[in-house]
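Below is one structure, written out as structure tokens; comments come after it.
The values are calculated or read from the model by the stated rules, or taken from the named source; none is laboratory data. The model shown is predicted, which means the values in this text are computed figures rather than measured ones. Cβ atoms come from the backbone with ideal geometry, glycine included; neighbour counts cover every protein chain shown.
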Amino acid sequence: MKNSNYWIGHFKANALEKRVNWDLKPNITPSEICTILPSVQAWQLGETSEGKHLIAASTKYAHAVGDLPYIDAVKLFIKEEQKHGNNLGIYLDRVGQPRVTKNWGDSLFRRVRYFNTNMEIWTLAVVVVESTAQIFYQSLKDATNCELLKQICTDILIDEAYHITFQTERLAIIYEGKNNFSKAWRRIVYKHFFYATATLVWIGHRKLFKAGGNSFDSYSRKMEHKYMRTLKKITGISKVQFV
């Protein structure tokens, strides 16, 4: 398991990677725009958070466990997420589509995190959302022939794989610090939170998922696989059932 200093080094090095050729012109069709636009706008908004509440939670947690470098690692993680939002925003600008300032899914998540100072809840939420994001961006990449948008998606997908590892390792540390009774009820909560969040993401972006070649059944199977690789690895509980 990697420590916080390792992740600081990773995020700093990754920030120097240039995987998107911004000299490319977007060649997206009107029908593709119609299909993907609402989801891209919503996801772009969600990626632009300043992360103040997450920083506050991570600062409180880091001082409690004596892992101060974790604060800087989280700040760099947030900066990388903001890069995703910025890149999507630039793409929207280039295709002449507006950035939105409000979305029901983003508003719901913002309300939850506004009152949350618990690092465990934050980390669990990020693990699940990042897992859905992998399917989302792969679907977006598959739903268009625009090379610029495909490169933006590839860049994000590379980042997200590391994000899930970063957050999963931290959740494992938090989980292992609990007593047996606490672990028992957390196994149930983790499973149902994963299920509920994954379902909400499908409902909000099913048009985009379908355009990328996913049915609800295939989306569910992919999320079960991600569950097995993340939360089950931590808790040892059986796979989540989506149907």
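Remarks
- Residue in the stretch 236-243 that is more than 29 Å from LYS102 (Cα to Cα), crowded, with 19+ Cβ neighbours inside 10 Å and either of a type in the set (Val, Ile, Thr) or touching a residue at least 12 places away in the same chain (Cβ under 8 Å) (or both) present: yes
- Taking (1) touching a residue at least 24 places away in the same chain (Cβ under 8 Å); (2) part of a loop (DSSP other than H, G, I, E, B) in turn, GLU80 satisfies each apart from (2).
- Close pairs (9 angstrom Cβ cut-off, 6 or more residues apart or separate chains): among the basic types (Lys, Arg) in the stretch 40-68, crowded, with 19+ Cβ neighbours inside 10 Å anywhere: LYS60/MET119
- Single residue of HIS63, HIS10 found to be more than 20 Å from ARG206 (Cβ to Cβ), in contact with a Phe, Trp or Tyr (Cβ under 7 Å, 6 or more places away or on another chain) and of a type outside the set (D, E, K, R): HIS10
- Residue satisfying all of: in the stretch 125-181; over 21 Å from GLY85 (Cα atoms) and among the hydrophobic types (A, V, I, L, M, F, W, C); nearest to the chain's Cα centre (by Cα) among these: LEU171
- Checking TYR195, TYR162 one by one, the residue that is closer than 27 Å to LEU37 by Cα, part of a helix (DSSP H, G or I), of a type outside the set (Gly, Ala, Ser) and modelled with pLDDT under 95 is TYR195 and no other.
- Count of the stretch 1-56 residues which are crowded, with 17+ Cβ neighbours inside 10 Å, outside any helix (DSSP H, G or I) and of a type in the set (A, V, I, L, M): 2
- Within the stretch 187-223, the set of residues being surrounded by 21 or more Cβ atoms within 10 Å (Cβ to Cβ) and more than 17 Å from GLN134 (Cβ to Cβ) comprises just one member, TYR190.
- Qualifying residue in the stretch 27-43 (condition: out of contact with any His (no Cβ under 8 Å at 6 or more places or on another chain), closer than 18 Å to GLU120 by Cα and among the aliphatic types (A, V, I, L, M)): no
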